[in-house]
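Presented below is the structure to which this report refers.
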Amino acid sequence: MKGFIIKEFLHIFRDVRSMIILFGMPVVQVLIFGFTISTEIKDAEIAILDQSKDNITLELSNKILSSGYFLLNDNLTHYDQIEESFKAGKIKEVIIFEDGFARKLEKEHDAHIKVIADASDPNMASLLVNYTAGIVRNYQMQQYENISLPIKITTEPKMLYNPGLKSVFMFVPGVITILLMLISAMMTSISIAREKELGTMEVLLVSPLKPIQILVGKVLPYVLLAFINAITILLLGFFVFDVPIQGSIILLLAECLLFIIMALSLGIFISTVSNTQQTAMMMSLFALMLPTILLSGFIYPIENMPEILQWLSHIMPSKWFIIIVKNIMLKGVGLGYIWKETLILTVMTLIFIGLSVKKFKIRLE
Amino acid sequence: MAENGIIIKAVNLTKKFGNFVANDNLTFEVRQGEIFGFLGANGAGKTTAIRILCGLLKPTSGQIEVAGYDVYKETEKIKRNIGYMSQKFSLYEDLTVWENFRFYGGIYGLSGKEIRKKTGYLLDKLQLTAARDKIISSLPLGWKQKLAFSIAIIHDPKIIFLDEPTSGVDPITRRQFWDMIYETAHEGITIFVTTHYMDEAEYCERVSVMVDGKIVAMDTPRALEDKYHVETMEEVFLKIARG
């Protein structure tokens with residue numbers, strides 16, 4: 001068994017392509033996603049619908065516009081114009097001051113600002129809304145610092161087009177999912193297919209090794225490498241892009257391991273139905289990678305998909321894994337909140353392991 | 001060195017894939033230390049038979065013993081006692097000679113010390129000790145073939161199955177390869193070889209000729225040539241194949 005694993009590592013380390021996929025890809029992907037998804041705002045075009053036009057709303061408007069983040073595109077006069085402006089693509093955000101803003105603030109100590117953002121770019125939208133709310137909060141603190149009565153300016157964000165903001169906001173869960181899938185499923189299926197292609201698989205089968213030993217020997221190195229990759233991505237995300245890990249790291253890694261095992265059994269399954277490395281690669285790409293990228297909710301929000309695709313996405317293991325990772329990393333939840341997704345993933349894993357082992361044995365017959 | 005012990009025994013070996021009968025009631029015996037040639041055109045059922053004898057395929061019916069073990073129940077023990085080499089050589093091209101030896105020795109449960117000893121001995125015999133740390137893909141075809149053969153006998157099997165070991169190899173290399181086979185047989189290891197090169201059939205002590213899943217002739221090459229009144233196995237084969 002030890003010899004088997006050593007040999008497998010030698011294969012990997014002597015193959016430049018494998019090495020690039022294994023160690024170059026994670027870094028490149030994280031960096032690409034990290035840097036292309038901008039995290040800074042400068043001169044974002046907005047519109048203001050001021051129904052009150054009092055001194056406070058004017059002051060607030062000035063403050064927002066002089067912050068350097070926002071640029072006034074239009075002063076709206078009516079609600080109907082909002083939708084139109086968004087559709088024309090001229091603006092990214094509309095700030096609405098309610099009627100009688102200053103009066104309400106004085107009498108009821110509570111006034112409302114509505115912030116509507118175009119969330120088809122969810123990352124940008126949430127940044128804009130957060131910046132706006134921050135400026136308003138800042139103003140509030142400066143103005144009413146010395147007043148003991150609670151005076152409140154409430155900003156109500158509303159995300160247009162993508163209310164859940166589910167998407168690229170946090171790219172790390174998505175990149176982890178894709179890479180684990182790629183390394184675990186594609187690399188194992190290719191490496192098993194290669195043994196078949198070269199005829200060494202026959203020799204292994206003629207040897208006293210049991211099929212299960214051959215399988216474990218083939219996949220174990222990839223478990224390890226995939227695991228190292230997951231950690232690399234988390235570290236890169238943390239140190240380069242400040243993506244936090246709110247929840248338990250152990251739980252997160254355990255879930256990663258579960259997903260890796262699932263992907264490996266998928267890889268074995270693919271290798272049992274393909275006889276050459278090329279077939280294995282094409283099958284992994286089309287049957288695994290594309291659905292993983294397109295249907296898992298990584299890039300396109302599942303809520304916005306047609307119903308059939310939404311339904312399809314439920315059978316994508318990666319969808320559940322992304323939910324798990326997002327919840328642990330971003331919301332810091334424990335197993336109690338994600339047991340359902342974990343259970344689904346576990347069941348899927350067991351099914352795939354069962355299928356691939358059965359298929360692997362059938363081939364021996 | 002050869003004893004008269006029977007090391008492979010097949011009685012009415014039959015293998016069906018659905019309606020297709022790949023092996024039809026094959027009955028034969030192979031003696032220890034013998035070079036037994038299994039001849040036939042492509043698709044005659046040679047590979048199926050060899051896979052059954054190696055424990056890779058379950059026969060549909062028939063009584064088969066390899067190295068004294070039953071192919072239905074004792075494939076595990078059979079696998080420990082046989083070596084196998086196919087036309088693809090089965091070496092890992094991206095590993096060195098030594099790494100290949102170490103790996104294959106390891107899967108047969110040899111200790112590190114045994115592997116080193118055995119590798120040293122086999123490489124010495126091939127006069128390839130200098131190539132010990134070379135990557136396989138950098139070696140000439142003939143060397144690879146010899147190395148593959150040496151690796152197939154690293155665990156001292158009782159029988160070695162060679163599935164068309166010389167296809168795609170030049171005549172000189174083939175000749176050298178057969179010298180190796182002879183030497184191995186002299187050490188008491190049984191050689192079970194399939195081939196479709198009829199000149200190679202002459203090197204075998206006994207041959208069986210398969211046509212459409214059946215064994216149609218089995219004897220020493222000389223006896224077969226006499227029987228069909230021809231000079232070479234090539235002609236024997238053509239006569240048989242044409243019915």
The value for region B:1-50 (convex hull of the alpha-carbon atoms, volume per residue, Å³) is 69 Å³
Helix A:25-36 sits off the longest principal axis of the Cα atoms of chain A, rounded to the nearest 10 on a 0 to 90 degree scale, by 10 degrees
With Cα coordinates, the longest principal axis of chain A makes an angle with the long axis of helix A:317-326, in degrees rounded to 10, of 50 degrees
Yeah, region B:75-181 with a ≥ b ≥ c from its alpha-carbon gyration tensor (a/c under 1.5 is rounded, else prolate when a/b outruns b/c, oblate otherwise) is oblate
Once the in-chain neighbours fewer than 8 apart are removed, the aspartates and glutamates whose Cα is under 18 Å from A:LYS114 read A:GLU45, A:ASP50, A:ASP54, A:GLU59, A:ASP74, A:ASP80, A:GLU83, A:GLU84, A:GLU93, A:GLU98, A:ASP99, A:GLU156
Along the dipole axis of the protein assembly as shown (charges at Cβ: +1 for Lys and Arg, -1 for Asp and Glu; origin at the Cα centre), the most positive-end residue among A:TYR131, A:ALA44, B:ALA49 is B:ALA49
If exposed means trypsin sites (Lys or Arg not before Pro) lying in a DSSP loop and surrounded by at most 15 other beta carbons within 10 Å, then the longest stretch of chain A lacking such sites spans residues A:91-365
A student applying the Cα gyration tensor rule (rounded when a/c is under 1.5; otherwise prolate if a/b is larger than b/c, oblate if not) would label region A:1-112 prolate
Computed for chain B: size of charge dipole around the Cα centre, +1 on C-beta of each Lys and Arg, -1 on C-beta of each Asp and Glu, debye to nearest 20, value 800 debye
Dividing the surface of the Cα convex hull of chain B by four yields a projected area in nm² of 13.4 nm²
The ³J(HN,Hα) series, computed from each phi in region B:169-174 with the Karplus coefficients 6.51, -1.76 and 1.60 at θ = phi - 60°, rounded to the nearest Hz and given as x for glycine or proline, is 10, 5, x, 5, 4, 4
Relative contact order in percent for chain B (Cα pairs under 8 Å, 6+ apart) equals 27 percent
In whole angstrom, largest first, the equivalent ellipsoid semi-axes that the Cα gyration tensor gives for the protein assembly as shown are 74, 23, 19
As straight-line cross-link partners of A:LYS359, the qualifying aspartates and glutamates (C-alpha separation under 19 Å, not fewer than 8 residues apart within one chain) are A:GLU195, A:GLU197, A:GLU202
Links exceeding 21 Å between C-alpha atoms in this model, out of A:LYS196/B:LYS79; B:LYS73/B:LYS158; B:LYS9/B:LYS77; A:LYS196/B:LYS118, come to A:LYS196/B:LYS118
CD proxy, 222 nm, chain B: helix-only mean residue ellipticity via -39,500 (n - 2.57) per DSSP H run with n ≥ 4, per residue, nearest 500, stands at -10500 deg cm²/dmol
In terms of the charge dipole of the protein assembly as shown, which places +1 on Lys and Arg and -1 on Asp and Glu at the beta carbon, the residue among B:GLN63, A:ILE344, A:SER313 farthest towards the positive end is B:GLN63
Correct response: the longest run of chain B lacking exposed GluC sites (Glu not before Pro), defined by DSSP loop and at most 12 other Cβ within 10 Å, is B:4-186
Expressed as a whole-number percentage, the relative contact order of region A:202-283 with C-alpha contacts under 8 angstrom and at least six residues apart is 28 percent
Answer in debye to the nearest 20: the dipole magnitude of chain A about its Cα centre, from +1 Lys/Arg and -1 Asp/Glu charges placed on Cβ, is 1840 debye
Given pairs B:LYS46/B:LYS117; A:LYS87/A:LYS319; B:LYS117/B:LYS146; A:LYS2/B:LYS15 and cut-off 27 Å on Cα-Cα distance, the over-length ones are B:LYS46/B:LYS117; A:LYS87/A:LYS319; A:LYS2/B:LYS15
The relative contact order of chain A, taking Cα pairs under 8 Å that sit 6 or more residues apart, comes to a percentage of 17 percent
The helix B:97-107 Cα axis meets the longest alpha-carbon principal axis of chain B at an angle in degrees, between 0 and 90 and rounded to 10, of 60 degrees
Working note, region B:1-119: Cα radius of gyration (Å, one decimal) and Dmax (Å, whole number) are 16.6, 50
With Cα springs under 10 Å, the Gaussian network model of chain A assigns the largest mean-square fluctuation among A:ALA263, A:ALA193, A:ALA287 to A:ALA287
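Taken together, the values in this text are just the output of simple stated rules run on the coordinates, not laboratory data. None of the values given here were measured: they were computed from a predicted structure. Backbone-built Cβ (ideal geometry, glycine too); neighbour counts: all protein chains shown.
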